[in-house]
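To start, the structure under review is shown below, and the notes come after it.
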Amino acid sequence: MDSLIHSLRDITIRRISVSEMNNNVYLLTAKASGAQLLIDAADDLPAIQAMLAESVADAASPPKLALIATTHQHWDHVRALPGLVEATGAKTSAGVDDADALPVPVDVQLRHGDVGNFDGFDITAVHLRGHTPGSIAYVYLDPEGPAHIFSGDSLFPGGVGNTQNDAARFTSLLNDVSERLFEAYPDDTVVHPGHGDPTTLGAERPHLAEWRERGW
């Protein structure tokens, strides 16, 4: 099955779902240079390597995995990370407050607003506190279309991520999602979550108040 979900002006976006938890693994490839960013090496190294092989068709130059970015420390998002690092030699990134919990050394420890420059595209780190202390959403601003947010487990269709019934963590996460995503990006922005189907900020925006009232 073809993993390609978006072919934009400068990059392609591929996605596969892996594991019994239906984790999404995303791959961004610069069409001109072949520079690649993989988001969440969740599980199933052979499936991830098959997606990397498929991406050869996406670029004018041979693709090369430059960075493996992790949205957050939870085990189901990092099971293939050690194997993929060993197989590719790619560098790794994660939020500074989650980095020590990852199963590999983290080369680039991210803070809110950090920008990663790849050969052909940029990615902005947005720190969303609550699901884990160091959860990071990765944002791509397409010069000719909607922005794309890779939200990990911080934002889904229908609500924010699980905060284990901790009111303080829930408030922190909803505040960050409201201020750093909904107030920062327009309605047509595409949200690519860590599990399940995509949504848009416009589809979710009318429900922010009811999420806050229900407390999850």
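Of 205, 79, 111, which has the largest mean-square fluctuation in a 10 Å C-alpha GNM of the chain?
205
Would you grab the residues whose amide H sits under 5 Å from the one on residue 34? Only those 5+ places off in sequence or on another chain, please, with H modelled 1.01 Å from N.
60, 61
Once the Cβ-Cβ distance between residue 197 and residue 2 is put in as r, and R0 is 25 Å, what FRET efficiency do you end up with, to the nearest 0.05?
The computed FRET efficiency comes out at 0.90.
Can you give me the % of accessible surface on the range 13-94 that is carbon or sulfur? Probe 1.4 Å, all protein chains present, nothing else counted.
56
Rounded to the nearest 20 Debye, what is the dipole magnitude of the range 1-95 about its Cα centre when Lys and Arg each give +1 and Asp and Glu each give -1 at the C-beta?
The dipole magnitude comes to about 360 debye.
Percent of accessible area on the range 121-216 owned by carbon and sulfur, 1.4 Å probe?
C and S fraction of accessible area: 52 percent.
Diagonalise the Cα gyration tensor of the range 145-216 and give the resulting equivalent ellipsoid semi-axes, square root of 5 times each eigenvalue, largest first, whole Å.
Whole-Å semi-axes of the equivalent ellipsoid: 19, 13, 10.
Taking all pairs of different Cα atoms in the range 1-124, averaging 1/r and flipping that mean, what Kirkwood radius in angstroms comes out? The partial results should precede the final answer.
Values: mean 1/r = 0.0694 Å⁻¹.
About 14.4 Å, per the Kirkwood formula over Cα pairs.
Step through the residues of the range 38-49 one at a time and calculate ³J(HN,Hα) from phi using the Karplus curve (6.51 cos²θ - 1.76 cosθ + 1.60, θ = phi - 60°), rounding each to whole Hz and writing x for Gly and Pro.
Coupling constants for the range 38-49: 10, 10, 6, 7, 6, 5, 6, 3, x, 5, 5, 5 Hz.
Quick check for you: with a 1.4 Å probe and neighbouring chains kept, what is the accessible area per residue of the range 24-155, in Å²?
Accessible surface, normalised per residue, equals 37 Å².
Label residue 166 and residue 119 with points 7 Å out from Cα along Cα→Cβ: what is the distance between them in nm?
The answer from the label model is 4.2 nm.
Which whole-number percent of Cα pairs in the range 97-186 have a distance greater than 16 Å?
The share of Cα pairs beyond 16 Å in the range 97-186 comes to 56 percent.
The values are calculated or read from the model by the stated rules, or taken from the named source; none is laboratory data. Since the structure is predicted, the reported quantities are computational estimates derived from the model, not experimental observations. Here the Cβ is made from the backbone with ideal geometry for all residues, glycine too, and neighbour counts use every protein chain on show. Heads up: the accessible areas ignore ligands, DNA and RNA and are worked out on the full protein's heavy atoms, side chains in. Shrake-Rupley method; radii C 1.70, N 1.55, O 1.52, S 1.80 Å.
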